[in-house]
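Only one structure is covered here, and it is reproduced in the block below.
Please treat every number below as a calculation from the coordinates, not as lab data. Source: prediction; values computed, not measured. Reconstructed Cβ throughout: ideal geometry from the backbone, glycine too, with neighbour counts over all protein chains shown.
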Amino acid sequence: MTKCVSLTACVGWIVIIGCSQERPTTTAPPTSNPALAVDGSKYLLSNEPDDGMNVIKAREATKDGDQVVIVGRIGGGKSPWIEGRAAFFIVDCSLNACSDIPGDKCDQPWDYCCETHKLPTSTALVKVVDENGDLMKADARELLKVKELSTVVVTGKSQRDDAGNLTILASGVYVKRCEL
């Protein structure tokens, strides 16, 4: 039986990578086949759910199988995405992305390279699942119209592994939009 790599190991890898010298300002979703496009509207919530917990609190308070509402920003590594799937990492909103630090010129502020020591206890994996609990086979960026550092409020069921890592099996996602 193949075991999934723990979030701790992934975060450890993210810490090793750190800030990259590459110059992209965002990672583009892979070009998809329009015939395989999945309608993400049933996963997008039109109203922000109440009582959202931050990631740190959710990691401390939730047990396996709990219904949860969690708030975080997409990020935590050079690429917070699970390629080709509706899955991504979120980071507690109390952490500063590099773009939140005046004068910081990091090319990939969503990697939180200035806060890497806090990432192991401040991240969660979000997996958008269908009615059968199966991970959606669609890129999250296309499915939900999100990008790095988007703030999301996720509803779903918590899943814990033996190492204490938190995954949210998401049934709904509210994407916070900037107000003009």
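Condition (residue is free of Cβ contacts under 8 Å to residues at least 12 places away in the same chain and surrounded by fewer than 21 Cβ atoms within 10 Å (Cβ to Cβ)) applied to the range 67-84: is it met by at least one residue?
There is no residue in the range 67-84 that is free of Cβ contacts under 8 Å to residues at least 12 places away in the same chain and surrounded by fewer than 21 Cβ atoms within 10 Å (Cβ to Cβ).
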Legend entry - Residue check for Glu115: under 17 Å from Ile56 (Cα atoms) and of a type in the set (D, E, K, R): yes
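Would you mention how many residues in the range 120-162 are closer than 16 Å to Ala58 by Cβ and not in a strand (DSSP E or B)? Show your work before the answer.
Of the range 120-162, the ones closer than 16 Å to Ala58 by Cβ are 120-127, 151-161.
This time we only want the ones that are not in a strand (DSSP E or B), so: 120-122, 161.
Total satisfying the criteria: 4.
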Legend entry - Pick from the range 90-109, criterion touching a residue at least 60 places away in the same chain (Cβ under 8 Å) and in contact with a helix residue (DSSP H, G or I) (Cβ under 8 Å, 6 or more places away or on another chain), ranking: nearest to Leu143 (Cα to Cα): Ile90
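So if I check each of Leu144, Leu135, Leu149, Leu166, which one is out of contact with any Gly (no Cβ under 9 Å at 6 or more places or on another chain) and either touching a residue at least 60 places away in the same chain (Cβ under 8 Å) or among the β-branched types (Val, Ile, Thr) (or both)?
Values: Leu144 fails: out of contact with any Gly (no Cβ under 9 Å at 6 or more places or on another chain); Leu135 fails: either touching a residue at least 60 places away in the same chain (Cβ under 8 Å) or among the β-branched types (Val, Ile, Thr) (or both); Leu149 fails: out of contact with any Gly (no Cβ under 9 Å at 6 or more places or on another chain).
The match here is Leu166.
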Legend entry - Tally, over the range 129-142, of residues that are surrounded by fewer than 16 Cβ atoms within 10 Å (Cβ to Cβ) and among the basic types (Lys, Arg): 1
Legend entry - Which numbered condition Val126 misses (of (1) free of Cβ contacts under 8 Å to residues at least 24 places away in the same chain; (2) β-branched (Val, Ile, Thr); (3) buried (at least 19 other Cβ atoms within 10 Å of the Cβ)): (1)
